[in-house]
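> Let me give you the structure first, and then I'll get to my questions.
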Amino acid sequence: MTGGNMKPIYLATGAVLALALAAPASAQLLNHKDLSLVTALTIATTAMETCKGQGYRVSVSVVGRNGDPIVQLLGDEASPHTFEFSRRKAYTARTFRNSSGEIAARFKQDPSYFAVHVPNVVPSQGALPIKIGEETIGAVGVSGAPGGEKDEACAKSGIDKVADQLK
C-alpha cells in the first residue's frame, strides 16, 4: 500500500496478536455428550408408540443440545399442526431446561412472562428436557393427544426407554 495510512492495519494486527497471546496456554475444548441419532430415534419412536397405543394421533420431535431437530415424526392421521407444535414444545423445554408445562404454568400466572416472547417458544405442556445429571442435552416434545399431560406422559416414556444411556 503506497501513500496510504497503515496505522489502522497495524493496530488491528496488534490487537489480534495481543488477544492470541492473552489466551491461556492450556486452553481446553468443551467436553460434553450429545444425543445420537439412534438414541433420538428410540426416544421418538417409544413416545410415538406409547401415544398410539392409547389411541392418540400425535407427532413427536427430539431436539439436540442447540435446539435443532434431530428427529421429527408425523404420526398416522395426526393433525398437520402437531408436527411443528411438537418441535416448538421440545425447543421450549430445551431452551429453559424445564418442562414446557412449567413454562405454561408460569405464563398462566403471569401473561407478561418474558419466555413466551422468545422466538419458537410455546407455553404448552407436552415436552421434557433430556438430561445427563443436571446437564440438558436435548428435549422431546409430543403434540396431538387430548391434553398436554398425556403428551408429556408419552414424552416421558421415550426418555425412560433410554434412561440407562443418560448417565
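The values are calculated or read from the model by the stated rules, or taken from the named source; none is laboratory data. Keep in mind it's a predicted model, so treat the numbers as computed, not measured. Cβ: placed from backbone, ideal geometry, glycine included. Neighbour counts: every protein chain shown. All accessible areas refer to the heavy atoms of the entire protein, side chains included, with ligands and DNA or RNA removed. Shrake-Rupley method; radii C 1.70, N 1.55, O 1.52, S 1.80 Å.
> In segment 128-137, which residues are farther than 20 Å from Arg106 by Cα and either hydrophobic (A, V, I, L, M, F, W, C) or surrounded by fewer than 14 Cβ atoms within 10 Å (Cβ to Cβ) (or both)?
Ile130, Ile132, Gly133, Glu134, Glu135, Ile137 - these are the residues of segment 128-137 that are farther than 20 Å from Arg106 by Cα and either hydrophobic (A, V, I, L, M, F, W, C) or surrounded by fewer than 14 Cβ atoms within 10 Å (Cβ to Cβ) (or both).
> Across segment 54-71, what is the total count of residues that are open to solvent by less than 70 Å² (accessible area, probe 1.4 Å) and either in a loop (DSSP other than H, G, I, E, B) or over 10 Å from Val142 (Cα atoms) (or both)?
10
> Would segment 73-83 turn up any residue that is surrounded by fewer than 16 Cβ atoms within 10 Å (Cβ to Cβ) and either among the polar types (S, T, N, Q) or on the phi > 0 side of the Ramachandran plot (or both)?
Checking segment 73-83: at least one residue is surrounded by fewer than 16 Cβ atoms within 10 Å (Cβ to Cβ) and either among the polar types (S, T, N, Q) or on the phi > 0 side of the Ramachandran plot (or both).
> Follow-up. Of all residues being farther than 15 Å from Ser61 by Cβ and among the hydrophobic types (A, V, I, L, M, F, W, C) in segment 138-167, which is surrounded by the fewest Cβ atoms within 10 Å (Cβ to Cβ)? Just the residue, please.
Ala163
> Anything in segment 108-127 that is surrounded by fewer than 20 Cβ atoms within 10 Å (Cβ to Cβ) and over 16 Å from Glu152 (Cβ atoms)? List them, or say none.
Gln109, Asp110, Pro111, Ser112, Tyr113, Phe114, Ala115, Val116, His117, Val118, Pro119, Asn120
> Of Thr50, Thr42, which residue is more than 20 Å from Pro146 (Cα to Cα), among the polar types (S, T, N, Q) and surrounded by 13 or more Cβ atoms within 10 Å (Cβ to Cβ)?
Among Thr50, Thr42, only Thr42 is more than 20 Å from Pro146 (Cα to Cα), among the polar types (S, T, N, Q) and surrounded by 13 or more Cβ atoms within 10 Å (Cβ to Cβ).
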